[in-house]
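The values are calculated or read from the model by the stated rules, or taken from the named source; none is laboratory data. Note that this is a predicted model, so its numbers are computed, not measured. Every residue, glycine as well, gets a Cβ built from its backbone with ideal geometry; the counts of neighbours run over all protein chains shown.
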Amino acid sequence: MPKIAIVTDSSTAITPQEAKALGIFVAPLAVYIDGKDYMDFINVQPTDIVDALKARKDIKTSQPNVGALDELFQKLKAEKYDHIIAISISSVLSGTFQAFRLAAASNEIDNFTLIDTLSAASPLRHTAKEAKKMADAGKSVDEIVAFIERVIKDSMTYILPDSLDQLIHGGRVKGATAVLGQLLKIKLCLKIEYNVPPIEKFDTARTDVKLFQAIVEDFGKRNITPATHKVYMPQCESMARVDAFKAYLNDKLPGFEYEVIALPAGIAAHTGFAFGVQPVLKA
C-alpha cells in the first residue's frame, strides 16, 4: 500500500490537535495584526481575530512562513512518503499555492501533486479529511486526486457579512455601492465560484430572509440536495444568523448534514463579522 501524505493549509480551520489526530499536515497561514506577525491557529486563534475586529485593528493575512513551510517539506521528505498531495487555498486569494510549489522544488521533491482549489475553508477541509481516509484505505494517488478535483469543481461559497465596514476598509466594496449600502443598510451576499477568479457579488437585499431565499433557489439550480451534499458554515461572531439560515434551509430543504467551523482568518480579515454557506459534494 503506498504511503501518501495529505497536506493543506489553515484556511481549513483544522487545528494542530485535529491535524495530529487525523494524520494530516497543515501549514499555518501568516496573520498580521497591526503589523505584528502570527501563525494561524498556532499563536493566534479565531477569538483573537474577533477581538482585533472589535478593536478595529488592521488585520492582514499572507502565505505560510517560508522557513516553516521548508521545515515541513524537509520532514515529509525525511519520512519517505511515496507521494505527497497538497490541497491549497485559492491562488487568487493567497500566495500559498506558489509557496507549496516552491517548497517542494527547493527540497527536490518530485513525487508531489499540488491542487489549486480556487476556494477556501470547507471544500479544503472536507477533501483533506476524505483524502486521508482514502489513502489509509489503500486508494491510489489517481483515485484520491480525481475525488478531490470532482469535489472542488462542484464547490460554491456564499459569504454573508454582517456589515459592509470591513469590506469597504479592505477595498472590496467601493464607490456608490459602499455609500448606498451604508445609507440603506443593504445586506450583501458574495460568492466564490470555481473557475471564476474574483470574489463577486451574488445578491443584495434588505433582509436576511431574501438572501436566504436566493441561496436556496441557487441550491436548486445547482442540484444541491441533502443526498448529494453536506453544508458547512464557517462563521465569525455570527451564530445567530447561522442558526437562522439553518432554520430556513430545514424548512425549505430538510435533511442536510451541517458542520459549523471558524471562519478562516484569511476571509474574516476581509469580511469582518460574517458567515458563509458552503455546500460540499459528499462523494
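Within the range 78-121, which residues are outside any helix (DSSP H, G or I), closer than 22 Å to Lys60 by Cβ and out of contact with any helix residue (DSSP H, G or I) (no Cβ under 8 Å at 6 or more places or on another chain)?
Val92, Gly95, listed by residue number.
Which residue out of Ala27, Ala68 is in contact with a Pro (Cβ under 8 Å, 6 or more places away or on another chain), in contact (Cβ under 8 Å) with a residue 12 or more places away in the chain and surrounded by fewer than 17 Cβ atoms within 10 Å (Cβ to Cβ)?
The conditions single out Ala68.
Could you tell me whether Phe41 is farther than 25 Å from Tyr232 by Cα and touching a helix residue (DSSP H, G or I) at 6+ places or on another chain (Cβ under 9 Å)?
Against the criterion (farther than 25 Å from Tyr232 by Cα and touching a helix residue (DSSP H, G or I) at 6+ places or on another chain (Cβ under 9 Å)), Phe41 does not qualify.
Hey, can you tell me all the residues within the range 224-283 that are modelled with pLDDT of 95 or more, assigned to a loop (DSSP other than H, G, I, E, B) and of a type in the set (Phe, Trp, Tyr)?
Result: Phe256, single match.
Tally the residues that are within 16 Å of the chain's Cα centre (by Cα) and either modelled with pLDDT of 95 or more or surrounded by 17 or more Cβ atoms within 10 Å (Cβ to Cβ) (or both), restricting the search to the range 30-48.
Summing the residues that are within 16 Å of the chain's Cα centre (by Cα) and either modelled with pLDDT of 95 or more or surrounded by 17 or more Cβ atoms within 10 Å (Cβ to Cβ) (or both) in the range 30-48 gives 5.
Six or more apart or on different chains, Cβ under 7 Å: which pairs go from a residue in the range 195-218 that's not assigned by TED's automatic domain parsing to the domain that holds Ser90 to one that's of a type outside the set (Asp, Glu) and assigned to a loop (DSSP other than H, G, I, E, B)? Could you list them?
Qualifying pairs under 7 Å: Asn195/Leu118; Pro197/Val92; Pro198/Val92; Ile199/Arg172; Thr204/Ile186; Arg206/Ile186; Val216/Leu253.
Just give me the residues in the range 122-148 being part of a loop (DSSP other than H, G, I, E, B) and either assigned by TED's automatic domain parsing to the domain that holds Glu259 or among the charged types (D, E, K, R) (or both), in sequence order. It would help to see each step written out before you state the result.
Initially, the range 122-148 is screened for residues part of a loop (DSSP other than H, G, I, E, B), giving 137-140.
The one that is part of a loop (DSSP other than H, G, I, E, B) and either assigned by TED's automatic domain parsing to the domain that holds Glu259 or among the charged types (D, E, K, R) (or both): Lys139.
Could you grab me the full set of residues in the range 200-223 that are more than 22 Å from the chain's Cα centre (by Cα) and assigned to a strand (DSSP E or B)?
Step one: filter the range 200-223 for residues more than 22 Å from the chain's Cα centre (by Cα), giving 204-210, 213, 217, 220-221.
Those that are more than 22 Å from the chain's Cα centre (by Cα) and assigned to a strand (DSSP E or B): Thr204, Ala205.
Identify all residues within the range 192-229 that are of a type in the set (A, V, I, L, M) and surrounded by 14 or more Cβ atoms within 10 Å (Cβ to Cβ); write none if there are none.
If the condition is that a residue be of a type in the set (A, V, I, L, M) and surrounded by 14 or more Cβ atoms within 10 Å (Cβ to Cβ), then Ile192, Ile199, Ala205, Leu211, Ala214, Ile215, Val216, Ile224 are the ones that fit.
Restricting to the range 1-29, count the residues that are within 16 Å of the chain's Cα centre (by Cα), of a type in the set (S, T, N, Q) and not in a strand (DSSP E or B).
Residues flagged as within 16 Å of the chain's Cα centre (by Cα), of a type in the set (S, T, N, Q) and not in a strand (DSSP E or B) within the range 1-29 amount to 4.
Could you pull out the residue among Ile148, Ile192 that is touching an Asp or Glu at 6+ places or on another chain (Cβ under 9 Å) and modelled with pLDDT under 95?
That would be Ile192, the only listed residue that is touching an Asp or Glu at 6+ places or on another chain (Cβ under 9 Å) and modelled with pLDDT under 95.
Just the residues that are closer than 27 Å to Leu118 by Cβ and assigned to a strand (DSSP E or B), please, taken from the range 36-77.
Those that are closer than 27 Å to Leu118 by Cβ and assigned to a strand (DSSP E or B): Asp37, Tyr38, Met39, Asp40, Val44, Ile59, Lys60, Thr61, Ser62.
Select, from Thr228, Thr204, the only residue that is closer than 26 Å to Ala13 by Cα and polar (S, T, N, Q).
Thr228 is the lone residue from the list that is closer than 26 Å to Ala13 by Cα and polar (S, T, N, Q).
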